[in-house]
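Since the structure comes first, as structure tokens, the remarks are kept for the end.
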Amino acid sequence: MSDKQATADEILIARIAQGDRSAMQVLYGRHHVRVFRFGLRLVRNEQVAEDLISEVFLDVWRQAGKFEGRSSVSTWLLAITRFKALSALRRRKDAELDDEAAAAIEDPSDDPEMAVQKKDTSDVLRKCLEGLSSDHREIVDLVYYHEKSVEEVAHIVGIPENTVKTRLFYARKKLADLLQAAGVQRGWP
């Protein structure tokens, strides 16, 4: 994200704090897709991810005056999204597992065989990412898909920077092993 856009986002937050609805619409238009995708990767349910968007931007509307600017607006939004997603996951764990949900759970032992059969590299990579722990997957998602720095990831997740670096190291190592097991060699396009 450019410095110009980051500054514009901060101006939007200041205007939202004053009750400017058009500023809220602009901020929403700029960031709702990123918030949805990040939330979806965490909760793995489109409906829940859609609900997260509403909750996140409602919080922004209510809390814009409390934004201190210690991070970029996009980092702040993703931190709110993460908190809301983890809360939603905790609520879902309390719910009973029904037969439909149980049938939707994939058997991880089939993944390498299915991945080898698929030619599309992005499908193989997506399957391999599922093999990472949720902590590692979250770090990879923030660093590579949302282009956040180690410092920003540490702020979003609420862990030390060195822990982010360690998780990223082990996530890459595990991902390389999973890709190799799936038949994808290094240097793939």
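Roughly speaking, what is the stretch gain from K173 to E46, that is 0.36 nm per residue apart minus the C-alpha to C-alpha distance, in nm to one decimal?
Contour length minus the Cα-Cα distance gives 42.8 nm.
Could you work out how far apart the two model spin labels at K4 and R91 are, taking each label as a point 7 Å from the Cα in the direction of the beta carbon, and quote it in nm?
Label-label distance for K4 and R91, simple model: 4.0 nm.
Values in this text are rule-based calculations from the coordinates and carry no lab data. The model shown is predicted, which means the values in this text are computed figures rather than measured ones. Heads up, the Cβs are rebuilt from the backbone with ideal geometry, glycines too, and the neighbour counts pull from every protein chain shown.
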